């Protein structure tokens, strides 16, 4: 019998967070305009940021959608607008604790089918490590981080120290792009999401490699990049070529060309097209791709796993890896029997 289907890329928006200025200090925090029992709008000041529905906060709605899509388990991560890396460390600690505790309340309604990941104040590595440890003790299974903190990428010494701590405590890390550049050329057609997100992820994968992080952190680090690794898989050959031909500028602190490191990280499968998935499998390998959907947002894949299930170039063993087997290893739950399988 095939193993459980595990979606590693989904998001939560708790419905009842407190007024953040009063709890955390400062101003300009996101707030939730509740329009009905099942519809709301994330607001930033007076501006509408994103409409959300009950699937963001109601476990029963989420579980019903999972059943409809044939998904047994979801990893439930923060929505990046709440990361607050631009805030003071003290404020970021407070907001992280608020949303991490609320996420546990949401996922508790799904039993072991909803696996919570926390957020951390990544601008302060010591505080980030402390919040991760608190969350792991409280029931979180891993952590989602943004792909950069201001101008600091994943090869920043503080971020690297946090990743090293994740490896030491066995916490899987999901990296999500956020805070993309704007401007007249990008503030139309959702271009920040359609071009900025893939580019942000590509840049941060390169930072992890060319910055030498993967040469220094323990090989036990489990790290996954959202959205199929952005544009990195398509341009891996270009990066290798540049590493060899312009090593004076490109090699950075890495001991090997970028292709040497593809077995050190994972990417999710949310690339929407069979040809793109084939490229991903050919580039990353069948053991490095995890099912992801970006549920419940409109730019996500529904039903979750549609492209993986329909891909005629995958054999059944490969398909089982992409649908859940690889994710169980990423979560550290393969062979432990602690992941639920819903009736299908």
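State the percent of C-alpha pairs, over all pairs in the range 40-91, separated by a distance greater than 16 angstrom.
Numbers: 777 of 1326 pairs.
Cα-Cα pairs of the range 40-91 separated by over 16 Å account for 59 percent.
Counting pairs of Cα atoms in the range 79-214, how many percent are more than 27 Å apart? Each step should come with its number before you reach the end.
Working: 2049 of 9180 pairs.
Across the range 79-214, Cα pairs with separations above 27 Å total 22 percent.
By how many nm would the segment from residue 81 to residue 35 grow when fully extended, if each residue of separation counts as 0.36 nm and the alpha-carbon distance is taken off? Don't skip to the answer; put the middle values down first.
On the way: separation 46, 0.36 × 46 = 16.56 nm, distance 1.98 nm.
Once the chain is fully extended between residue 81 and residue 35, it gains 14.6 nm.
Please report, to two decimal places, log10 I(q)/I(0) for the range 20-115 at q = 0.13, 0.18 Å⁻¹ as given by the Debye formula with identical point scatterers on the Cα atoms and no solvent.
-0.52, -0.93
Determine the principal axes of the Cα atoms in the range 167-282, then give the extent along each, sorted from largest to smallest and rounded to whole angstroms.
Extents along the principal axes, in whole Å: 40, 36, 29.
Where the centroid of each part is defined by its Cα atoms, how far is the range 73-138 from the range 243-277 in Å?
Comparing the Cα centres of the range 73-138 and the range 243-277, I get a distance of 29 Å.
Taking only C-alpha pairs under 8 Å that are 6+ residues apart, what is the relative contact order of the range 176-254 in percent?
Normalised by residue count, the contact order of the range 176-254 is 35 percent.
Can you say what percent of the DSSP beta bridges in the chain, counting only those with both residues inside, are antiparallel? Round to 5.
35 percent
Assuming R0 = 30 Å, what is the FRET efficiency of residue 246 and residue 169, from their Cβ-Cβ distance, to the nearest 0.05? Working shown, then result.
On the way: r = 38 Å, r/R0 = 1.27.
Here the calculated transfer efficiency is 0.20.
Starting from 0.36 nm per residue, how many nanometres of slack lie between residue 299 and residue 219 once their C-alpha separation is accounted for?
My answer for the length gained is 25.5 nm.
For a distance above 32 Å, tell me the whole-number percent of Cα pairs in the chain that qualify. Present the calculation step by step, with values, prior to reporting the outcome.
Working: 15393 of 58996 pairs.
When every Cα pair of the chain is considered, 26 percent fall beyond 32 Å.
Taking neighbour Cβ counts within 10 Å as the exposure measure, how do 44, 98, 209 sort from fewest upward?
By the 10 Å Cβ count, ascending: 44, 98, 209.
On full extension of the chain, what length is gained from residue 90 through residue 287, given 0.36 nm per residue of separation minus the C-alpha to C-alpha distance?
Between residue 90 and residue 287, full extension yields 67.0 nm more.
Any idea what Rg and Dmax come out to for the range 60-157 if you just take the C-alpha atoms, in Å?
Answer for the range 60-157, Rg first and Dmax second: 14.4, 44 Å.
So how far apart, in nm, are the two label points at residue 316 and residue 191 if each is 7 Å from Cα heading toward Cβ?
Here the modelled spin labels are 4.8 nm apart.
Roughly what % antiparallel, to the nearest 5, for the DSSP beta bridges in the range 105-256?
10 percent
Since every read-out is calculated from the coordinates, none of them should be taken as a lab result. Predicted model, so just to flag it, every value in this text is computed and none were measured. Neighbour counts are summed over all protein chains in view; Cβ atoms, including those assigned to glycine, are modelled from backbone coordinates with ideal geometry.
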